[in-house]
Structure formats: C-alpha cells, structure tokens
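Take a look at the structure below.
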Amino acid sequence: MSLENEISTARKDIRTDDYPMSIGEWSSMYEAGELDIHPEFQRMFRWDENQKSNLIESIILGIPVPPIFVSQRQNGIWDVIDGLQRLSTIFQFMGILKDEFGKTVPPLCLTSTKYLPSLEGIKWNEGTKRSTLPDEIKRIIKRSKIGVSILLRESDEDTKYDLFQRLNTGGTSLTPQEVRNCIMVMIDPEFYHWVEKLTKIPSFIETTCLSDKLITEKYDMELVLRYIIFSQASIDSLKKVGDVGKYLTEEMEKIAKDKDFSRDEAYHNFKKVFDILGKNLGSDAFKRFSSKKKRHEGGFSVSAFEAVTAGVRKREEKGLAMTDISSIVSSLWEQADFIEWAKSGVNASRRLWHTISFSRNYFTK
C-alpha cells in the first residue's frame, strides 16, 4: 500500500471537531454527568497547590489555556483524553469535583501567585467576604473559554487509547504504567480494580518488597501485568517483542477487552505462584543468589521476577513438587546460559524470551 493510501485509510478512522467552550459550559456538562474525567485518574495526576493556583491565575488574567482533548462515546458522553489536571483543578476550585466514590473533594484554597499574590487563601465560596472570590471574578472565570478537540464517535474505538498514550507520554508527570492504568480505566474500570487487587496480595508484597517510590509510581501494577502477560505468552511471540513497554500496553488492552479471559482463574493462579514463593523464599525471591556467599543479595531484579515466576508457574502447571523451589531458584543463578541474559545492561526485548524459555525448562526438568 502506498503512503498516500495509508494516509487516506487512517484518516477515515479518525473524525474530529474543534471549538471553544466557556468554563461555565464545561462545569455544567460535568455536573450533568455528560463529561467523564475518570476520578480514578486523580491518584495518578499529581499537581501541587501552586501549580493549581497558577492555572487559576492564568484564567483570571486571560492567558490562553491549552485545549482539552475528549473522545465522544456512542451515548454522547465525553471521555477526557488530555486535560484532566486542568479540568480537575477548575472543578475543585469551584467546589464541584467528585472523587471515585462520588464524594465531593475538599475545595481548592489558592496560594499566592507571581502576578496575583492576593490570591493567597482565596476560595470560590468561603463564607467570608475577605476570603471568597469576588462575584465579578467568578463571572470572568465562568465566561473564559477553553478549546475542545473532540474525537467523534464515528472514529475507530482504539484511536482514543492511542491518542491518550501519545498525549500523556513523555511530556507529563505520568510514568509509563500510570498511562497504562488510565487506559485500563477507560477500557474497563473493573479490570483496573482487578489488577489493583492483585497488588494487595500479601505474598506478592512480601516477595517484591518494592520501595514506597516505586509503589507510588505504580510499578507494582506493571509487575502484575508482566506476570499475567508473560506467563501466558508463547516463546515465539516473545521472540517478536520489540519495545517491551509498547508490547505490555498492547497485550494489556487485548486482555482487558477479552470476554473469555477468566479473571477468577487468573487471580487463583497468580496467588498460588506468589504464595509458593513467599513460603519458600520470602523477600529473597527476586534477588540474585551469590554462590560464593551462599545467600541472596542486592535489590529487586526484574529479570529474576520474569524468569522465576515463569518457572514456578510452569512447574505448578505440570503438577511437580514445590518442596525444593528454594534450591532451584538458588541454582538458577549458577547457570551460565541464564546469567548471560539476566545480567544488567542486556536489552529487555532480547532478554525476555531467553530467560523465560530457559526458566520454564529448568524448573520442570
């Protein structure tokens, strides 16, 4: 297919519209339930009070605010693809923002800004004249316009997930997994909560032993996805993996949409594997083993996580005894063919199929 034909075909899958909307219109749509900003996202987008206050200052001063990207569902409701922080800040300041449980979020109290230091302590409605935003300023804000770019419902369904990833990768504070989490919520909130539930299993927490920073960045959810995806992937498919992050996202989307994927069975299998590792190795499960010192040492190793879980899962599938798991994991680190690919600096896409294939065979000998 020529470039011209590829462009023509792709453009047919995308239908958009653009026009300005007043903040009053945005807030009315939100309160009417016609605008979904996915409250689950609020835990992932991290704006501090100064950043929020600077946005309100910009609106008051008439400084243009970047447009909001939305996707229109078949029922006409808009999903926010890009602009959650801006809209959430505005709605929180106006006192109408709801959390994921439907409760009103405490109203935003502004801080001093560069051009408007008197905004310090100001709220939309405080009850006292001194700390409440004057009515004339409220009207200025409500009448201020923010452009909207709409991905119309005639567009291909997968386009909005691709657009969300493009708009929220690299230039935002989101980690790659937080972007995936947002896509999960957009596809199926229940799937997102199911993955989150797996991260709370005690044996998973014990064996991965992640830092608070990694948990804040949702790396625990990435590990859950790595296990679910890699444990059922064929070696042939792993050989074809290019960008691992892209592969995780694409496979996650497939599983989230798959009506035949048994979440109960997957939960049971996940818990069984990590309970086995927790019982036999505890926090040493995914640390390198030193043959010289006869002990596990160092921090969490993602290559160990991928290989060890794949091996234990394959061994469990074959109904083999689990009493010697500790010694099998230790001896894995004495195998030259494994160490060569598990060492730091090896490209992840090249590492995957080598270590997982080796581990599946080694654990079932």
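The values are calculated or read from the model by the stated rules, or taken from the named source; none is laboratory data. Only a predicted model underlies this, so the values are computations on that prediction, with no experimental measurement involved. FYI the Cβ positions are ideal-geometry reconstructions off the backbone, even for glycines, and counts take in every protein chain you see. SASA here: full protein model, heavy atoms, side chains in, ligands and nucleic acids out. Shrake-Rupley method; radii C 1.70, N 1.55, O 1.52, S 1.80 Å.
What the table shows:
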| item | result |
| --- | --- |
| Amide H within-cut-off set for Ile81, under 5 Å, with H built and near neighbours excluded | Phe69, Val70, Ser71 |
| Where trypsin sites (Lys or Arg not before Pro) fall in DSSP loop in region 43-77, at most 15 other Cβ within 10 Å | Arg46, Arg73 |
| Listed residues Arg295, Arg226, Arg86, most fluctuating in the chain (Gaussian network, C-alpha, under 10 Å) | Arg295 |
| Å² of accessible area per residue within the chain, as computed with a 1.4 Å probe and no ligands counted | 50 |
| Prolate/oblate/rounded label for region 205-284 (Cα gyration tensor, a/c 1.5) | prolate |
| Structure-based [θ]222 nm, the chain - -39500 (n - 2.57) summed over DSSP H runs of at least 4, per residue, nearest 500 | -16000 deg cm²/dmol |
| The chain: C-alpha gyration tensor shape, a/c 1.5 cut-off, then a/b vs b/c | prolate |
| Computed E for Ile96/Lys197 - FRET, C-beta separation, R0 35 angstrom, nearest 0.05 | 0.70 |
| Helix 3-12 vs. the chain, principal-axis angle (Cα, 0 to 90°, nearest 10) | 60 |
| Net charge of Cβ neighbours under 13 Å - reference Phe93; Lys, Arg +1; Asp, Glu -1 | +2 |
| Furthest towards positive pole of dipole, Ser118, Ser22, Ser144, structure part the chain, Cβ charges | Ser118 |
| In nm, spacing of pseudo-spin labels at Ser234 and Asp264 (7 Å Cα→C-beta vector) | 2.9 |
| Karplus-derived 3J(HN,Hα), 6.51/-1.76/1.60, for each residue of region 203-213, Hz, glycine and proline x | 5, 5, 4, 5, 6, 7, 6, 7, 6, 4, 5 |
| Selection of GluC sites (Glu not before Pro), region 62-133, meeting DSSP coil and at most 13 other Cβ within 10 Å | Glu120 |
| Within the accessible area of region 217-358 (1.4 Å probe), percent carbon and sulfur | 45 |
| Rounded to 10°, Cα long-axis angle of helix 348-362 versus longest principal axis of the chain | 40 |
| Global geometry of region 42-109, whether rounded, prolate or oblate, following the gyration tensor of its Cα atoms and the 1.5 cut on a/c | oblate |
| Among Val195, Leu238, Asn347 the positive-end extreme of the charge dipole of the chain (Cβ point charges) | Asn347 |
| Sequence-distant residues sharing a close amide H with Val105 (under 5 Å, placed H) | Leu97, Lys98, Asp99 |
| Under 5 Å, built H, 5+ apart or other chain: amide partners of Ser290 | Arg295, His296, Glu297 |
| Value of relative contact order over the chain, rounded to a whole percent, pairs C-alpha under 8 Å and six or more apart | 15 |
